[in-house]
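What follows is a set of notes on a single structure, which appears directly below.
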Amino acid sequence: MKTIAIDMDGVLADVYQQFIDMHFSESGMTLQRSDMVGLTEAEAFPHLLKHVNTKGFFETVPLIPGAQEVVEELSKQYKIFIVSAATEFPLSLTEKHIWLSKHFPFISWQQMVFCGSKDIIKTDIMIDDHFKNLDVFHGKTFLFTQPHNEKSSPGKHERVNNWIEIKNILLG
């Protein structure tokens, strides 16, 4: 059975929406995704570090549309691993585990990989929104579109814009 490493933030979890919502609740100002195209996440969200270090940030992040359904379908034909560089933000470890257990009950704790660097990951396929993770990976790679990578050429990676595209490619 082939294996897939799936990133969490920006692929399963809509952290952009979480940042937008938190910014609005603090300032009353609505940030637009279209204004973030080509900006790093740190440039797009001036309070990024404050927000990711706020209790509840990772536990309450909304799902990216289609993620839950498509990952469940994929899990019937592939061995799935959810891979997150969670050690960067210590609060996220427990919260990400809770979030995954709630939204992806078919993913066991043994399929959750919380790490620092993803260059240790050795699956057949990786789906991620960051080049730094995909560029060091040796299998088939899919670049999940987010505003920070939208203007970039996907290079050797195959760009996917949503979970329906992933389903069509991997489940044909």
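Measure off 7 Å from each Cα along the Cα-to-Cβ vector at THR40 and GLU69, then give the distance between these two points in nanometres to one decimal.
Between THR40 and GLU69, the label points sit 3.7 nm apart.
How large a share of the accessible area of the range 1-160, in percent, is made up of carbon and sulfur atoms when the probe is 1.4 Å and the other protein chains stay in place?
Result for the range 1-160: 55 percent of the exposed heavy-atom area is carbon or sulfur.
Between their Cα atoms, which of LYS79/LYS132; LYS96/LYS167; LYS79/LYS118; LYS55/LYS118; LYS2/LYS122; LYS55/LYS102 are more than 20 Å away from each other?
LYS79/LYS132; LYS96/LYS167; LYS55/LYS118
Taking Cα atoms, how many degrees apart are the long axis of helix 15-27 and the longest axis of the chain, rounded to 10 and kept between 0 and 90?
So the inclination is approximately 10 degrees.
Once fully extended, how much extra length lies between GLN17 and GLN32, figured as 0.36 nm per residue of separation less the alpha-carbon to alpha-carbon distance?
4.4 nm
Could you state the angle between the C-alpha long axis of helix 91-103 and the longest principal axis of the C-alpha atoms of the chain, as a value from 0 to 90 degrees rounded to the nearest 10?
60
Just going by the charge dipole of the chain, with Lys and Arg at +1 and Asp and Glu at -1 on Cβ, which of ILE107, SER152, HIS51 is farthest out on the positive end?
With unit charges placed on the Cβ atoms, the residue in question is ILE107.
How far apart, in nm, are the 7 Å Cα→Cβ label points at SER108 and MET1?
About 0.9 nm, to one decimal.
Averaging sequence separations of C-alpha pairs under 8 Å and six or more residues apart, then dividing by the length of the chain, give the relative contact order as a whole percent. Mind showing how you got there, number by number?
Working: 265 pairs, mean separation 50.5, N = 172.
Relative CO of the chain lands at 29 percent.
Just how large is the dipole of the chain about the Cα centre, in debye to the nearest 20, putting +1 at every Lys and Arg Cβ and -1 at every Asp and Glu Cβ?
460
Can you grab the distance from the C-alpha centre of the range 94-158 to the C-alpha centre of the range 26-70, Å, no decimals?
17
With an 8 Å cut-off on Cα pairs and a minimum separation of 6 or more residues, tell me the relative contact order of the range 1-77 in percent.
Reported as a whole number, the value is 42 percent.
What accessible area per residue, rounded to a whole number of Å², is obtained for the chain using a probe radius of 1.4 Å?
Values: 8500 Å² over 172 residues.
Ligands and nucleic acids excluded, the figure is 49 Å² per residue.
Over the alpha carbons of the chain, what is the largest minus smallest coordinate on each principal axis, giving the biggest first in Å?
Result, largest extent first: 48, 34, 27 Å.
Counting alpha carbon pairs within less than 8 Å and at least 6 residues apart, what relative contact order, in whole percent, applies to the range 20-122?
Here the relative contact order equals 24 percent.
Report, for the range 1-129, the % of DSSP beta bridges that are antiparallel, rounded to 5.
Within the range 1-129, antiparallel bridges account for around 10 percent of the total.
The values are calculated or read from the model by the stated rules, or taken from the named source; none is laboratory data. The shown structure was predicted, so the numbers you read here are calculated from the model rather than taken from an experiment. Backbone-built Cβ (ideal geometry, glycine too); neighbour counts: all protein chains shown. Heads up: the accessible areas ignore ligands, DNA and RNA and are worked out on the full protein's heavy atoms, side chains in. Shrake-Rupley method; radii C 1.70, N 1.55, O 1.52, S 1.80 Å.
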